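For reference, the structure discussed in these notes is given below.
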Amino acid sequence: GYISDDLLLINGQERCIQRVELWFDEQGLPDWFFVTKLPLLGPRDKPVGIMGVLRRAAEHEMQLPVLQTVSKAVEIIRRDHAKPVIIAEVARACGLSLRHLQRRFQDTFGFSPQEFLMKTRVRAAMQMLEQTSLGATEIAQRCGFHDASSFAEQFKQRTGHSPTTWRHGLEAL
C-alpha cells in the first residue's frame, strides 16, 4: 500500500492521502495512527518527493464507527492469536458478516483479517525468538501455528528470514 500511495502522489493522481492505520508502538503492540501523505512540489508544481505525518489517534477519535468495529476485531485477534481463530466467529462477535469485516479490514489496513492474524502470530514469534531460548516447535505451538513447518514458512514469507536465521542474526548484534 505504501508504494502504490507514493506512486499516486508522485504521478500527480492524488493531492493528499489520509488513512487510519494500525502501527506497532515502541513495545511492539499495535496502536491506531492517522497517516497523511502529501506531494512535495518543485518547479511548475510538479511532484518531486513525498512527505508524511504519522500521529497517534486521540481517545475521542477511537469512537469512530469504523475504528470501533475494526478495533474490536483487532482486540479479539490479538488476545486469541495463539488459539485456533476462526475469522467468521470474530466477525459475528463484532456484529458483522465475514465479508463486511473483510471489507472493513481491507479499507482500513489494506489487507485481510486473516493476514492480520498471521502478522500478529509472526510478531509474537519474533518476540519469543528474541526473548527466549525455546525451540521452533514450542514457539509455533505457543503462537498458534499448526506445526513448526507452517511456522517456518509463514515466518519466512513475512520477514524474509527463517526463524533460526532471525535468532542467529539477533545473537550476532
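Here, each number is a calculation from the coordinates, and none is a lab measurement. Since we're looking at a predicted model, the values are computed, not measured. With ideal geometry, Cβ positions are generated from the backbone for all residues, glycine too; neighbour counts draw on all protein chains shown.
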### Query
Taking the Cβ-Cβ separation of residue 127 and residue 93 as r and a Förster radius of 30 Å, what is the calculated FRET efficiency to the nearest 0.05?
0.70
### Projected label distance in nm at residue 31 and residue 158, using a 7 Å step from Cα toward the beta-carbon
2.1
### Message
Please compute the contact order of the chain in relative form: average sequence separation of alpha-carbon pairs under 8 Å and at least six residues apart, divided by the residue count, as a percent.
### Response
13
### Task
Quick one: grab Rg to one decimal and Dmax as a whole number for region 91-161, Cα atoms only, in Å.
14.1, 41
### Message
Run the simple label-point estimate for residue 86 and residue 142 please: 7 Å along Cα→C-beta, distance reported in nm.
### Response
2.8
### Task
Divide the volume of the convex hull of the Cα atoms of the chain by its number of residues and quote the answer in cubic angstrom per residue.
143
